[in-house]
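Working notes, structure below.
The values are calculated or read from the model by the stated rules, or taken from the named source; none is laboratory data. Keep in mind it's a predicted model, so treat the numbers as computed, not measured. Note that we place each Cβ from the backbone using ideal geometry, even for glycine, and neighbour counts take in every protein chain shown. Surface areas here come from the heavy atoms of the whole protein model, side chains and all, with no ligands, DNA or RNA. Shrake-Rupley method; radii C 1.70, N 1.55, O 1.52, S 1.80 Å.
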Amino acid sequence: MGSYVLGFEEIDQTQVAVAGGKAARLGELWRIEGIHVPAGFCVTADAFRRIMADAPSIDERLDRLSRLGPDDREAIRTLSAQIRSSIEGIAMPDDLATAITSALVRLGERSAYAVRSSATAEDLPTASFAGQQDTYLNVVGSAAILRHVSRCWASLFTERAVTYRLRNGFDHQKVSMAVVVQQMVFPQAAGTLFTADPVTSDRKVVSVEAGFGLGEALVSGRVNADVYKVRDGEIVAKTIATKQLAVCASPGGGTHEVAIERERQTQPALTEAQIVRLAHLGRRVEAHFGHPQDIEWCLVDDGFAIVQSRPITTLFPIPEADDRENHVFVSVGHQQMMTDPMKPLGLSLWQLTTPRPMAEAGGRLFVDVAPALGSSATRSGMLEALGRSDPLIGDALAIIVERGDFIATLPDEGPSGAPPGSAPVPIEIDPAIVTELIGRSEASIATLQRDISTKSGLELLDFILADIPELKRILFDPVGHRVFMSAMEGAWWLNDQLQAWLGEKNAADTLTQSVSHNVTSEMGLALLDVADVIRPHPEVVAFLHHVKGESFLNELPTLEGGSEARDAIADYLDKFGMRCVGEIDITRPRWSERPTTLVPLILGNIKNFEPGAGIRRYEQGRQEAWSKEHELLARLRDLPDGESKADETKRTIDRVRNFIGYREYPKYGMISRYFIYKQALLEEAERLVLAHVLREKEEIFYLRFEELREVVRTNQVDDQLIRRRKDAFRSYQALTPPRVFTSDGEVVAGTYRRQDVPPGALVGLAVSAGTVEGRARVVHEMADADLGAGDILVTAFTDPSWTPAFVAIAGLVTEVGGLMTHGAVIAREYGVPAVVGVVDATRLIREGQLIRVNGTDGYVEILP
């Protein structure tokens with residue numbers, strides 16, 4: 001038919017650049033045996049590009065559009081309307097119009113057609129673009145079809161389509177528009193079919209939505225649909241809606257709404273046999289494309305026509321497994337306060353560091369706990385440990401076990417271990433061991449720093465591989481593990497026993513303020529000291545308010561007081577510069593690499609605190625802990641057998657205060673080591689850039705460690721692999737990882753099974769006692785945290801890099817976290833009331849709202 005028009009039989013999914021996503025997939029559907037696709041053709045992207053070439057004035061508007069942000073709504077609305085108007089006003093060239101009308105003659109010029117947009121960045125595996133461009137139904141006559149083809153071209157620049165591309169990084173000038181012209185069918189019923197449950201993501205369940213007439217009524221949300229769930233060829237759930245209207249074709253073209261007779265409104269749109277048959281067709285389509293599909297279908301005379309299929313892009317990927325066993329995956333990121341995706345180098349190095357293999361999916365890591373859940377010897381311990389750490393994970397796992405249809409479990413042999421309420425087994429450890437452990441780690445890091453400086457090329461990669469066992473030896477040192485576990489168990493015992501004996505909730509939260517050897521809390525207080533150095537120098541403060549580039553430290557000495565400021569910041573970076581948000585991913589930029597990250601925090605400390613605040617903050621916490629200890633011991637001595645209870649409590653408090661601070665050190669040592677590896681690897685990457693092996697040194701982040709070793713060995717790299725990895729990482733950033741999901745893809749959501757909270761309160765996990773009211777500051781990036789005294793920080797998660805912000809806040813609310821995650825530990829040490837694991841907190845709490853955080857009972861109230 002020529003380059004401007006292609007029939008479906010001439011198109012397949014390799015021709016997205018020519019036919020657009022929708023048409024390419026219709027061409028594929030055309031090829032599937034047993035799938036009926038109404039006949040049609042595609043007006044190719046070449047035709048669109050020709051039209052655009054006839055309107056050079058549009059280029060300048062496209063340039064302006066590309067410079068806008070996705071939230072510049074008014075400017076987007078104005079510019080996109082101007083571009084659409086220009087495109088619709090362009091006269092269609094005679095040869096192009098002839099090609100389209102000739103195709104219509106072959107199919108039937110008097111037939112009715114659907115005219116549908118098919119953009120070249122549409123229906124991709126990583127972005128569906130569903131509903132972003134326009135569709136016109138029941139278009140009759142050549143003139144009307146030509147007019148609607150122009151409207152489809154213009155719909156590439158609807159406000160919603162432009163905003164979607166800006167948010168997802170698609171270049172407006174590189175996206176073209178093809179148009180599908182397809183014979184209309186006039187169905188008794190129509191709807192959508194998802195080959196994975198859109199609610200639970202279960203890949204074993206097909207979800208069918210059905211209504212009377214054309215599917216437009218369902219897609220637009222004007223009517224409720226019948227909903228069926230089909231698993232293994234059987235309907236396992238169904239909901240029959242009251243369907244009051246249908247959208248039908250109008251005799252002269254277009255569509256209109258028709259009221260459905262009252263007696264038909266509650267009748268099913270499809271029979272159960274038709275539902276099962278349709279689910280089977282959906283599985284055939286899914287098998288052809290290789291991913292779960294969102295399919296649009298029509299029922300005509302007891303036969304199904306498929307009019308569209310696109311990938312479901314919102315599903316979280318399932319880790320690959322070589323067996324057919326059932327698996328239950330628990331998110332590592334929710335334990336590590338890093339739910340963002342990691343790049344391949346970061347994933348592979350973390351895998352090398354951990355003692356057990358982990359599954360990968362969507363740029364995240366997961367642990368398969370199915371074997372532990374299936375064993376009576378480990379099940380209860382697993383549920384208790386994970387439930388204590390994150391109740392939502394614990395409850396989700398309990399749901400899977402209770403259902404009994406996914407994990408084959410052996411019966412429990414009965415209770416084991418120490419009886420409830422008994423004190424933790426005493427662990428006799430000399431408090432000096434903490435200093436010794438830290439000294440060993442620092443000496444090992446110094447040796448690494450010295451030895452790695454002489455290595456390059458393949459020798460460097462092999463040296464790092466040989467050093468990782470030393471990293472693991474220190475990270476998982478059994479003595480160090482005994483040290484902080486004895487403290488954690490002691491804290492749990494204090495909370496349980498002091499509540500039982502005295503009715504005191506979460507007493508350990510106050511007792512663990514301002515402990516020694518907590519390198520993470522020291523990091524926050526040390527930045528207050530940096531502010532003390534800078535505060536007396538107004539010229540430096542004014543300069544920092546306008547810092548943009550990372551070279552600002554070199555510029556400081558030209559200012560009065562600038563040398564002192566530079567030295568203070570540099571000393572801080574020497575000790576803490578290896579830290580950053582998401583620090584378990586070696587590829588993330590460190591504070592030493594981007595010191596501007598710290599500038600807003602320093603300025604906030606200068607504004608919000610008086611000189612000496614760091615020392616005073618530490619001493620205040622120490623005094624509060626001391627006072628609480630004496631109060632509790634005095635109350636215990638008034639109880640029956642009070643001296644014994646007080647002595648046992650005193651020994652446990654001493655153990656907790658001596659050892660709980662070390663809980664933060666092993667990770668600090670690991671991150672210090674990671675940064676040394678990273679600096680050496682980037683130097684090697686620079687050599688690869690100079691040798692024209694890589695375009696830029698950061699490309700090594702998209703290679704796994706073993707792949708990077710091979711690139712260094714051969715001086716060759718697969719550019720296509722890096723490009724695919726970059727595209728994949730970009731798509732992973734749009735996904736939200738589940739806490740718990742199964743190898744069927746089912747996301748199992750736990751809940752807080754509690755009745756003891758006020759109506760309307762947001763429930764979470766109490767991790768730092770106290771109640772506070774204040775202004776909610778909803779922050780998504782630490783660099784954007786402009787926090788004032790008394791503010792309550794509301795964010796998705798915090799890791800150690802957020803600690804400097806904790807000195808200014810009055811309370812903390814996060815969506816992710818557990819009792820012993822870093823944010824909880826530091827909140828307790830600073831005496832900041834905190835509730836973590838509050839589902840959708842950053843969406844449900846609005847910036848500036850007055851909220852009350854109850855860190856003792858674990859809930860948040862939004863106040864009038």
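For region 247-300, give me each residue that is acidic (Asp, Glu) and without any contact (Cβ under 8 Å) to a residue 24 or more places away in the chain.
So the first thing to find is which residues in region 247-300 are acidic (Asp, Glu), and the list is 257, 261, 263, 272, 286, 294, 296.
Across region 247-300, the qualifying residues are 261, 263.
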Filter result (open to solvent by 30 Å² or more (accessible area, probe 1.4 Å), more than 15 Å from residue 543 (Cβ to Cβ) and in a helix (DSSP H, G or I)) within region 588-613: 597, 607, 608
Number of the condition not met by residue 243 [criteria: (1) open to solvent by 10 Å² or more (accessible area, probe 1.4 Å); (2) among the basic types (Lys, Arg); (3) in a loop (DSSP other than H, G, I, E, B)]: (1)
Unmet criterion (only one of (1) of a type in the set (A, V, I, L, M, F, W, C); (2) closer than 14 Å to residue 100 by Cα; (3) assigned to a helix (DSSP H, G or I)) for residue 41: (3)
Which numbered condition residue 248 fails, given (1) open to solvent by 20 Å² or more (accessible area, probe 1.4 Å); (2) at pLDDT 95 or above; (3) in a strand (DSSP E or B): (2)
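Could you name every one of the helices (runs of 4 or more DSSP H) located completely within region 466-568 that has at least 2 residues being farther than 30 Å from residue 667 by Cβ?
On the way: elements: 478-502, 507-511, 519-534, 538-544, 552-555.
Because the criterion is at least 2 residues that are farther than 30 Å from residue 667 by Cβ, the helices (runs of 4 or more DSSP H) in region 466-568 that meet it are 478-502, 538-544, 552-555.
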Residue within region 622-639 that is modelled with pLDDT of 95 or more and within 26 Å of residue 442 (Cβ to Cβ) present: yes
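Residue by residue, here is whether (1) open to solvent by 20 Å² or more (accessible area, probe 1.4 Å); (2) β-branched (Val, Ile, Thr); (3) under 29 Å from the mean Cα position of the chain (by Cα); (4) at pLDDT 85 or above holds:
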site	(1), (2), (3), (4)
113	no, no, no, yes
126	yes, yes, yes, no
138	no, no, no, yes
148	yes, no, no, yes
163	yes, yes, yes, no
Residue list for region 632-663, filter: in a helix (DSSP H, G or I), open to solvent by 70 Å² or more (accessible area, probe 1.4 Å) and more than 24 Å from residue 824 (Cα to Cα): 635, 637, 643, 647
All positions within region 363-375 that are open to solvent by 20 Å² or more (accessible area, probe 1.4 Å) and in contact (Cβ under 8 Å) with a residue 12 or more places away in the chain: 367, 368, 375
From 710, 706, residue being in contact (Cβ under 8 Å) with a residue 60 or more places away in the chain and either over 22 Å from residue 794 (Cβ atoms) or under 24 Å from the mean Cα position of the chain (by Cα) (or both): 706
Filter pass, residue 320 being open to solvent by 40 Å² or more (accessible area, probe 1.4 Å) and touching a strand residue (DSSP E or B) at 6+ places or on another chain (Cβ under 6 Å): no
Which numbered condition residue 476 misses (of (1) open to solvent by 20 Å² or more (accessible area, probe 1.4 Å); (2) over 32 Å from the mean Cα position of the chain (by Cα); (3) farther than 17 Å from residue 515 by Cα): (2)
Any hit, region 334-357, residues being crowded, with 21+ Cβ neighbours inside 10 Å, among the aliphatic types (A, V, I, L, M) and assigned to a strand (DSSP E or B): no
Number of the condition not met by residue 780 [criteria: (1) of a type outside the set (Phe, Trp, Tyr); (2) open to solvent by less than 40 Å² (accessible area, probe 1.4 Å); (3) closer than 25 Å to residue 331 by Cα; (4) not in a strand (DSSP E or B)]: (2)
Test: residue 300 is of a type in the set (A, V, I, L, M, F, W, C) and surrounded by 17 or more Cβ atoms within 10 Å (Cβ to Cβ): no
Flag if residue 50 is assigned to a helix (DSSP H, G or I), more than 40 Å from the chain's Cα centre (by Cα) and charged (D, E, K, R): yes
Matching residues, region 206-224, being at pLDDT 90 or above and surrounded by fewer than 24 Cβ atoms within 10 Å (Cβ to Cβ): 207, 209
Subset tally (residues that are assigned to a loop (DSSP other than H, G, I, E, B), modelled with pLDDT of 95 or more and either among the hydrophobic types (A, V, I, L, M, F, W, C) or surrounded by fewer than 22 Cβ atoms within 10 Å (Cβ to Cβ) (or both)) for region 746-769: 2
Filtered residues of region 789-800 (kept if within 21 Å of residue 596 (Cβ to Cβ) and modelled with pLDDT under 90): 799, 800
